[in-house]
Every structure is written in C-alpha cells, then in structure tokens.
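Enquirer: Can you read through this structure? Questions will come right after.
Any read-out appearing in this document is the output of simple, stated calculations on the displayed coordinates, not a laboratory observation. Remember, predicted model here, so these are calculated numbers, not experimental data. Cβ placement follows ideal geometry from the backbone for every residue including glycine, while neighbour counts extend to all protein chains displayed.
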Amino acid sequence: GESVGLHLPTLSVQEGDNSIINCAYSNSASDYFIWYKQESGKGPQFIIDIRSNMDKRQGQRVTVLLNKTVKHLSLQIAATQPGDSAVYFCAENSGTYKYIFGTGTRLKVLA
Amino acid sequence: NAGVTQTPKFQVLKTGQSMTLQCAQDMNHNSMYWYRQDPGMGLRLIYYSASEGTTDKGEVPNGYNVSRLNKREFSLRLESAAPSQTSVYFCASSEAIRTPYGYTFGSGTRLTVV
C-alpha cells in the first residue's frame, strides 16, 4: 500500500485538532457520495455517505458536507486521533454500477 | 471475521507468466468487483459481477479475465502478465450494484510484473 500514496497531497494536523479533507467531484449527475479511509497495507473502508438531497450528514466524529453548486465534498474529522492517520478518498455515483473514485489525501496526525 | 478474503497478498511474476487472483466473500453479497489501484490514480474497475452467473467489463478490462465461480467466489486471471499490470488489486463485494454503505473491500494483492 505505501507505493499507492507517493503522489498524494498530504494534510498534517495536530492531535486533537479538527481535520478537513476536500474532494472535487466530476459528474454533476452524481447523486450519491461516499468517503473511504485506507490505512497502509489495507483495503478501503467505508466511513460515511451522503445523498444529493442532503447538504450535511454527521456520524461519529465525522461530518460530510456537500456543495452541489460547485461540485465539492468535504470530510470533517473532529478531535483527530493518531488512528485517523490514513489516506482518505471520496467516491461518486450517478445511479449505475460505476463509482468514480478520487485519488485521495493523506492525513498525518502529529503527536 | 466476516468480510472479503483475497489470496495471495503478494506476488511477483515474470513478463508472460499467468496467474489467478482469488477472492471470496462470506456476507452473502450478490455483487462482486475487481479494482486496480495505481499511484496518483483513483481505483479503476476491471470487471464486475452483478450477480452469480454474470460478469461484465469495467473501465480497464484488457489483459484480464474473470470467473464468478459461485456466489462467494470471484477470480481474476492474468493470462500473460505485462509490466503495466504491476499494481495493487482489490476485490470488493456489495449486496447489490448500488447499495448503501458502498462496498466491502479485501486487503489487496500487491502484484509486481518484472
């Protein structure tokens, strides 16, 4: 898994601070979005999803915001912990079998 | 633990060799997928199987074949490996083609073709 992250943008945050990870999606017809977390050497793991009829959805320590006007998605992680260190990427779907996956952002949590 | 199991975890092949990547899920999911993940690119769909008995091409099917052996198992075959197929391969499954909670992914197979 390490080779996958060579070209990724990196966000470094202090432990305990809030993190905001952004994603620009490509298809204005997309109506379902997912955020995934991928730890080194592991497969992607579902974090939270949102449908296009919503602007905001909250989970445990995570919030996803959707701005359809500018085709932008963000993931907010409250009180970031060392275990949050990973690559995060979004995925969009327009009602077919096909998801379009973003390239991801690496989150580094500083102690 | 329930989930998606991929074998092998690592593999090195010589150009022209063949191999099969195995995938099994124990969640009684109908749909299964094979993706590849390359540096600087998002996951790309190679093949998918919407349900047992069906398979379809994804974005990047060239050089690959698949078999949906039964509801649990979905294998990916490289008939004549090429260096361009060096990648991390992920198998995934879901209840249906488009379902809440997205897909459950396996831990990946890291393939190097020399």
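Enquirer: Whole-Hz ³J(HN,Hα) for each residue in the stretch A:35-40, computed from phi via Karplus 6.51 cos²θ - 1.76 cosθ + 1.60 with θ = phi - 60°, x for glycine and proline: what do you get?
Expert: 9, 10, 10, 10, 7, 4
Enquirer: I would also like to ask the following. Between A:Tyr97 and A:His72, what length in nm is gained on full extension when 0.36 nm per residue of separation is reduced by their alpha carbon distance? Spell out each step's value before the answer.
Expert: Values: separation 25, 0.36 × 25 = 9.00 nm, distance 2.17 nm.
Gain on extension, A:Tyr97 to A:His72, equals 6.8 nm.
Enquirer: Once phi is turned into ³J(HN,Hα) by the Karplus curve 6.51 cos²θ - 1.76 cosθ + 1.60 with θ = phi - 60°, what whole-Hz value does each residue of the stretch B:105-112 show in order, with x for glycine and proline?
Expert: 3J(HN,Hα) across the stretch B:105-112, in whole Hz: 9, x, 8, x, 10, 9, 10, 10.
Enquirer: So if we plug the beta-carbon distance of B:Met41 and B:Ser67 into 1/(1 + (r/R0)^6) with R0 = 35 Å, what FRET efficiency do we get, rounded to 0.05? Please report the intermediate quantities before stating the final value.
Expert: Values: r = 26 Å, r/R0 = 0.74.
Efficiency, from the Cβ-Cβ distance: 0.85.
Enquirer: Can you run phi through the Karplus equation (6.51, -1.76, 1.60; θ = phi - 60°) for the stretch B:20-30 and list ³J(HN,Hα) in whole Hz, with x for Gly and Pro?
Expert: So the Karplus estimates, Gly and Pro as x, are 10, 8, 9, 9, 9, 10, 10, 9, 6, 6, 7 Hz.
Enquirer: What is the distance in Å between the Cα centroid of the stretch A:17-51 and that of the stretch A:76-111?
Expert: 5
Enquirer: Right, another one. Tell me the label-point distance for the pair B:Ser18, A:Lys42, using the 7 Å Cα-to-Cβ offset, in nm and rounded to one decimal.
Expert: Spacing of the two 7 Å Cα→Cβ label points: 3.6 nm.
Enquirer: Quick one: in chain A, what % of C-alpha pairs are over 22 Å apart?
Expert: Values: 1762 of 6105 pairs.
Distances greater than 22 Å cover 29 percent of the Cα pairs.
Enquirer: Of the listed peptides A:29-37, A:90-98, what is their order by residue-averaged count of other C-beta atoms within 10 Å, with the highest listed first? Each step should come with its number before you reach the end.
Expert: Values: A:29-37: 20.2, A:90-98: 17.9.
By packing density, highest mean first, the sequence is A:29-37, A:90-98.
Enquirer: Testing the spin-label approximation: label points 7 Å from Cα along Cα→Cβ at B:Glu95 and A:Gln14. State their distance in nm.
Expert: With each label point 7 Å from Cα toward Cβ, the separation is 4.3 nm.
Enquirer: What percent does the relative contact order of chain B come to when contacts are Cα pairs within less than 8 Å and at least six residues apart?
Expert: Numbers: 294 pairs, mean separation 41.2, N = 114.
That works out to 36 percent.
Enquirer: Here is a follow-up. Taking 7 Å along the Cα-to-C-beta vector as the label spot, tell me the A:Ser28-A:Gln81 distance in nanometres, rounded to one decimal.
Expert: Spacing of the two 7 Å Cα→Cβ label points: 4.2 nm.
Enquirer: I've got another one for you. With +1 on each Lys and Arg Cβ and -1 on each Asp and Glu Cβ, how big is the dipole of the protein assembly as shown about its Cα centre, in debye rounded to the nearest 20?
Expert: On the way: 22 positive and 17 negative charges, 33 e Å.
Charge dipole of the protein assembly as shown: 160 debye, to the nearest 20.
Enquirer: Report, ordered by chain and residue number, the lysines lying within cross-link reach of A:Lys37, taken as a straight Cα distance under 29 Å and ignoring same-chain residues fewer than 8 apart.
Expert: Qualifying lysines at Cα under 29 Å: A:Lys56, A:Lys68, A:Lys71, A:Lys98, A:Lys108, B:Lys9, B:Lys57, B:Lys71.
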